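Here's the structure we're looking at; comments come further down.
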């Protein structure tokens with residue numbers, strides 16, 4: 001890894017190290033496309049002792065190629081001045097600033113562009129379900145001019161490099177893709193023609209700026225994605241036109257979103273194979289992107305000569321000090337991204353600003369030291385309690401954290417045990433290590449009157465999490481049943497062969513998949529739609545696809561369990577009564593309720609009590625971590 005922290009030259013530019021921050025959508029901008037303080041703070045955090053190159057979030061060269069309503073813009077008259085605000089911040093940290101140019105084509109957002117998207121041909125983007133009309137020749141020529149105009153503005157704004165998006169199922173890739181581009185005329189007969197013209201326009205607009213080409217090493221969609229024989233001419237063109245590097249990601253925004261966003265449950269080998277193929281077909285330096293936030297993977301990529309530089313996006317959002325910690329060999333101090341997509345992609349797709357399940361400070365000013373140091377006792381070491389403990393201690397308070405269980409993390413401790421989510425454990429380990437370094441932690445300790453009398457805290461933070469909602473179903477008490485928490489804690493054995501899971505939201509589906517993998521006959525009911533509520537769209541789709549392959553698993557939406565009999569179970573589905581065979585185990589994943597709050601005796605022993613996280617209102621990990629941080633902001 002030492003080599004990655006050494007200086008290098010790229011396109012005549014001197015880089016402080018061999019790391020790159022890739023184009024990550026933030027949704028921090030204004031609807032008018034202007035730069036906000038949150039954006040400036042975000043890029044300052046990333047650039048400070050960070051990657052040698054900081055690539056800004058994608059900008060569309062044309063108004064009709066935007067992906068979301070708060071996307072950073074380059075096509076407005078005031079764009080140069082706005083973009084320069086970010087360039088200046090990056091340069092102040094002695095890092096290089098790169099502008100990422102794109103046109104989404106069929107993946108453009110109708111809400112952002114105010115009309116139907118345009119693509120090389122009439123087509124539908126499966127991930128959004130949005131159909132597109134075919135571009136006219138005049139419209140294509142206008143987009144090519146827009147590439148050139150964007151390059152001119154990049155130069156005027158002070159950027160050091162330009163990156164051109166040539167992959168991931170966006171417009172250039174759509175033109176290259178022989179499975180899509182069936183146009184008549186030059187832009188169909190020569191599918192490389194649009195890319196060639198766009199590259200030439202960028203070079204003419206900013207001839208002195210080096211440029212990077214971004215591609216998908218594989219779009220991971222044999223039916224619709226670009227084939228390697230269509231990608232190879234783009235690599236050749238990149239070399240012929242003087243590109244300085246190839247930035248290699250994976251997937252297609254339309255045809256394979258899990259690979260485009262590098263979901264945590266995907267295997268590593270296809271990415272390694274794709275990087276190997278690109279290495280064989282270009283002599284240009286390669287930037288490898290996607291799930292590069294683990295030291296062991298970084299070393300594998302570099303040891304096998306699969307890349308010359310590495311892109312770190314979400315790992316630097318999870319811990320903006322990651323590179324400083326790696327450089328100091330403080331690997332265990334890193335809060336590692338779990339690639340879960342919940343706080344980042346899921347929020348941006350929902351129209352909310354970029355966040356992180358593990359890092360509530362992203363894009364925000366560092367909390368100042370408190371003017372009123374206090375002794376604070378925190379009851380509960382789940383996500384909210386850990387977050388509160390970490391940021392209260394950073395502000396200078398004396399913090400004691402009491403956790404009744406033998407491990408920290410609350411429901412977060414069980415989240416990584418679900419199928420395909422093991423990478424989430426490293427993030428919890430990182431937060432736990434930071435807390436234990438700064439906070440007095442007492443395990444197997446319940447907060448009661450005796451503890452309060454011993455510690456005499458100024459403030460009691462109640463973050464005791466949740467308890468299972470037990471539905472009032474006739475005969476349930478006679479069943480061999482357990483709660484979802486008891487299941488993940490393995491407090492009770494699961495008897496088979498038939499298991500009923502009541503509740504098919506996120507937790508329920510994770511239990512169903514686990515049981516299905518064990519070969520049990522599983523039925524999961526949910527009173528309302530949708531199945532898998534609470535999951536981000538990609539995780540949900542992938543989970544349901546895996547479950548669909550399990551012949552012994554049955555999902556029953558719109559279904560309410562009514563009565564358990566000795567020899568049958570009566571359920572109501574779509575207002576019709578259905579009789580099921582009996583089950584040997586019933587698992588309750590029927591939602592959560594806030595755990596019981598502090599009693600009157602505890603209230604009488606401390607002057608100030610704060611109830612946060614799920615103990616206040618049941619929500620997700622992101623909200624719990626935010627709650628702990630926001631409480632620390634008030635103190």
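Bear in mind that the values in this text are calculations on the coordinates, not laboratory data. Nothing here was measured: the structure is a model prediction, and the numbers come from that model. Backbone-built Cβ (ideal geometry, glycine too); neighbour counts: all protein chains shown.
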### Message
Angle check, please: helix 37-47 long axis (alpha carbons) against the longest principal axis of the chain (alpha carbons), in degrees 0 to 90, nearest 10.
### Response
80
### Query
What angle do you read, to the nearest 10 degrees and between 0 and 90, between the alpha-carbon axis of helix 383-394 and the longest principal axis of the chain?
70
### Query
Which percentage, to the nearest 5, of the DSSP beta bridges contained in region 471-590 is antiparallel?
35
### region 151-183 versus region 12-71: alpha-carbon centroid distance in Å
16
#### Entry: Rounded tilt (10° steps) of 193-205 against the dominant C-alpha axis of the chain
80
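Give the order of 84, 95 when sorted by the count of other beta carbons within 10 angstrom, beginning with the fewest. Numbers along the way, then the final one.
Values: 84 18, 95 25.
Fewest to most other Cβ atoms nearby, the residues stand as 84, 95.
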### Query
Of the listed peptides 561-568, 395-402, 335-342, what is their order by residue-averaged count of other C-beta atoms within 10 Å, with the highest listed first?
335-342, 395-402, 561-568
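What does the extension gain come out to for residue 14 and residue 329, with contour length at 0.36 nm per residue minus their alpha carbon separation? Don't skip to the end; give the middle numbers.
Details: separation 315, 0.36 × 315 = 113.40 nm, distance 2.45 nm.
Separation in residues times 0.36 nm, less the Cα-Cα distance, equals 111.0 nm.
To make sure I understand, if each residue's beta carbon is the centre and we count other beta carbons within 10 Å, what order do 98, 73 fall in, fewest to most? Walk me through the numbers before you get to the answer.
Numbers: 98 27, 73 22.
By the 10 Å Cβ count, ascending, the order reads 73, 98.
Which of the peptides 309-317, 412-420, 584-592, 370-378 is most tightly packed, and how do the rest follow, judged by the mean count of other Cβ atoms within 10 Å per residue? Display every interim value, and only then the final one.
Working: 309-317: 24.9, 412-420: 19.9, 584-592: 21.9, 370-378: 17.2.
Those peptides, ordered most packed to least, come out 309-317, 584-592, 412-420, 370-378.
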### Message
Report for the chain the percent antiparallel among DSSP-assigned beta bridges with both residues inside it, nearest 5.
### Response
25
### Query
For region 2-349, rounded, prolate or oblate, judged on the Cα gyration tensor with a ≥ b ≥ c (square roots of eigenvalues), a/c < 1.5 rounded, else prolate if a/b > b/c?
rounded
### Task
For residue 440 and residue 1, calculate 0.36 nm times their separation in residues minus their Cα-Cα distance, and state this gained length in nm to one decimal.
154.6 nm
### Query
How far is the Cα center of region 446-503 from the Cα center of region 354-432, in Å?
21
### Query
Where the centroid of each part is defined by its Cα atoms, how far is region 115-143 from region 200-244 in Å?
20
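Quick one: which of 432-443, 151-162 comes out on top by average Cβ neighbours within 10 Å, and what's the full order, highest first?
In descending order of packing, they fall as 151-162, 432-443.
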### Query
Taking neighbour counts of Cβ atoms within 10 Å as a proxy for exposure, in what order, fewest first, do 79, 318 appear?
79, 318
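How high is the FRET efficiency between residue 142 and residue 398 when r is their beta carbon distance and R₀ equals 51 Å, given to the nearest 0.05? Present the calculation step by step, with values, prior to reporting the outcome.
Working: r = 63 Å, r/R0 = 1.24.
That pair, residue 142 with residue 398, gives E of 0.20.
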### Task
Give me the percent of DSSP beta bridges within region 99-204 that run antiparallel, rounded to the nearest 5.
40
